[in-house]
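Take a look at the structure set out below.
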Amino acid sequence: MERYYQEDIECASRDKIKAIQDEKLLRQVKHVWDNVPYYRKKMEEKGLTPEDIKSSDDLHKLPFLSKADLREAYPYGLLGVPLKDCVRIQSTSGTTGKRVVAFYTQDDLDIWEECCARAIMAAGGTNEDVCQVSYGYGLFTGGPGLNGGSHKVGCLTIPTSSGNTDRQIMFIMDLSATILCCTPSYAAFIGERMKELGYGPDDIPLKAGIFGAEAWSEEMRRDIEKTLGIKAYDIYGLTELSGPGVSFECSAQGGMHINEDHFIAEIIDPDTGEVLPEGTQGELVFTSIDKKAFPLLRYRTRDICTLTREKCSCGRTHVRMTKPKGRSDDMLIIRGVNVFPSQIETVLLNNGYAANYQIIVDRKNNTDTLDVQVEMTPEMFTDNLGEVEARQKELVDGLKSMLGIKAKVSLVAPKSITRSEGKAVRVIDKRKI
């Protein structure tokens, strides 16, 4: 039996959803015009006023926002309410080490947690479940979002955060956890460790998993399901919009339902910015229609996917998005963390290296690995092993500080990385996604 957190909205008619979006969009455009000078200026440059937006059909007239805007407006330039009305920030890394900081009012948090509650109930969760949240807590949105959603559903919530895998397993077994929330790679690692400890799928009390924050393949889904004896559900979100719960999978697992009463999705041509017909693959753009503290209009996610409104067997009427097929920029998602080659380049240049490097990403034992090969300059080239190791450690520390995750660094001889006549091949991603 399909479960809903807010059935009247989740299964609303298309006309009702359109009416909600029209009303909220007009209010949001006026709110942004009145309270976010940065975006008002962008509208004025296009000769627009709020009166030009009469319904969601006029959304395409509004200017885009991009990661570059978030960087330029950092930290308070896109704030839509007085700071005293904000109760929390969440944050993710930006392209050059400057972080994306998103602000929340209490209402914004309630909406976000309701979206996560919808995802938990779509995965079969009820107030009789024990939900173990093994996403990272803190600035990262994964832990706080699913934690709040679990509370809203009324689950017993185990806020383990990530890491300390044997303790995670102890709680799953001792407290009979039924829903696991974490990154797919961590779920696979937990499954592997449980196997080592002698637990088979029939011994494990879990029935469902809600996994997101990184790309994962259908093969990986089936492996996790088999090892843990669960049904694995995908969830999608961005810190800029709120966090996980922007969209989520239902029992049909035929794409993720977007919470259309809170977000309007568009697909655009990444090169021209033109809105593409539904069913066409392109770049996903989101407008947040009721977030007040950090109200982003037409935010370019850089994720490439497709939207469909085909009827879903779960009864939900909200549009579905496919798993993102890739990105229209060079961002990598490694262990749930956004990593840009430009961040790595910044660390290398700051430490006196030329921009001759290669980033090799792989997935070993279900965990992403990041290996950075860096050419030494002729001046620093040496066969003194101690000196090379000291330099490598310095870069490992610098990258950890910039990215928030550990990378392996290998210093190589000058001119040993293949040069390209066209665009340099900086990234080799060996993960099978």
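Details
- In order along segment 204-213, phi translates into HN-Hα couplings of 8, x, 4, 10, 8, x, 10, 10, x, 6 Hz, rounded to whole numbers, per the Karplus curve 6.51 cos²θ - 1.76 cosθ + 1.60 with θ = phi - 60° and x for Gly and Pro.
- Proxy reagent accessibility, fewest Cβ within 10 Å first, across 171, 294, 189, 103: 171, 189, 103, 294
- Among 215, 68, 407, residue whose mean-square fluctuation peaks in a GNM of the chain (springs only between Cα atoms under 10 Å): 68
- Residue pairs exceeding 22 angstrom between C-alpha atoms, taken from 84/152; 364/400; 325/400; 67/98; 41/67: 84/152; 325/400.
- Subtracting the Cα-Cα distance of residue 87 and residue 313 from their residue separation scaled by 0.36 nm leaves 77.5 nm.
- Among 269, 223, the ranking by other beta carbons within 10 Å of each residue's beta carbon, starting with the fewest, stands as 269, 223.
- For the set 16/46; 195/430; 24/292, the pairs lying more than 21 angstrom apart at their alpha carbons are 16/46; 195/430.
- Three-way shape call for the chain based on the alpha-carbon gyration tensor, with the a/c threshold at 1.5: oblate
- Working note: Karplus 6.51/-1.76/1.60 with θ = phi - 60° gives segment 38-55 the couplings 4, 7, 4, 4, 5, 5, 4, 5, 8, x, 9, 10, x, 5, 6, 9, 9, 6 Hz, where Gly and Pro are set to x.
- Modelled spin labels at residue 175 and residue 349, positioned 7 Å past Cα toward Cβ, are 4.6 nm from each other.
- Part-to-part distance (alpha-carbon centres) for segment 373-390 and segment 147-226, which is given in Å: 43
- Shown for 262, 60: other C-beta atoms within 10 Å of each C-beta, ranked fewest to most, produce the order 60, 262.
- Database remark: amide H of residue 243 closer than 5 angstrom to the amide H of 238 (H placed geometrically; neighbours at sequence offset of 5 or more, or on other chains; Pro and chain starts carry no H).
- Length-normalised contact order of the chain in % [C-alpha pairs under 8 Å, at least 6 apart]: 14
- Candidates 271, 303, 290, ranked by Gaussian network fluctuation over the chain, Cα under 10 Å, top entry: 271
- Unmatched cysteines, the chain - criterion: no other Cβ of a Cys under 4.7 angstrom: 11, 86, 115, 116, 181, 182, 305, 312
- Considering only beta bridges that DSSP places wholly inside segment 334-429, some 55 percent are antiparallel.
- Helical mean residue ellipticity (222 nm; -39500 (n - 2.57) per DSSP H run of 4+; nearest 500) of the chain: -9500 deg cm²/dmol
- Residue 334 long-range amide H proximity, modeled H, under 5 Å: 339
- Relative contact order [Cα under 8 Å, 6+ residues apart], segment 334-429, whole percent: 36
- Distance between the modelled labels on residue 23 and residue 410, one decimal in nanometres: 6.0 nm (7 Å Cα→Cβ projection).
- Normalised by residue count, segment 1-108 yields a Cα convex hull volume of 149 Å³ per residue.
- In sequence order, calculated HN-Hα J values of segment 26-36 (Karplus, 6.51, -1.76, 1.60; Hz; x Gly/Pro): 4, 5, 5, 4, 5, 4, 5, 4, 6, 10, 10
- Alpha carbon Rg of segment 334-429, scaled by the compact-globule rule 2.2 N^0.38 Å: 1.06
- DSSP finds beta bridges in the chain, and of those with both partners inside it, around 60 percent are antiparallel.
- Model label points for residue 6 and residue 60, set 7 angstrom from Cα along the Cα-to-Cβ axis, are 2.9 nm apart.
- Those GluC sites (Glu not before Pro) in segment 275-359 that DSSP places in a loop and that have at most 15 other beta carbons within 10 Å: 278, 310
- Between the C-alpha center of segment 241-286 and that of segment 325-360 there is a gap of 26 Å.
- Estimated FRET transfer efficiency (residue 382, residue 329; beta-carbon r; R0 35 Å; 0.05): 0.45
- A full extension of the chain between residue 30 and residue 428 corresponds to an added length of 138.8 nm, given 0.36 nm per residue minus the alpha carbon distance.
- Residue of 382, 287, 227 that the Gaussian network model of the chain assigns the largest fluctuation, springs spanning Cα pairs under 10 Å: 382
- Length released on extending from residue 397 to residue 72, taking residue separation times 0.36 nm less the Cα-Cα span: 114.3 nm
Every number here is computed from the coordinates shown, using simple stated rules; none is lab data. Computed from a prediction, not measured in an experiment: that's the story for all the values here. We place every Cβ from the backbone using ideal geometry, glycine too, and count neighbours over all the protein chains shown.
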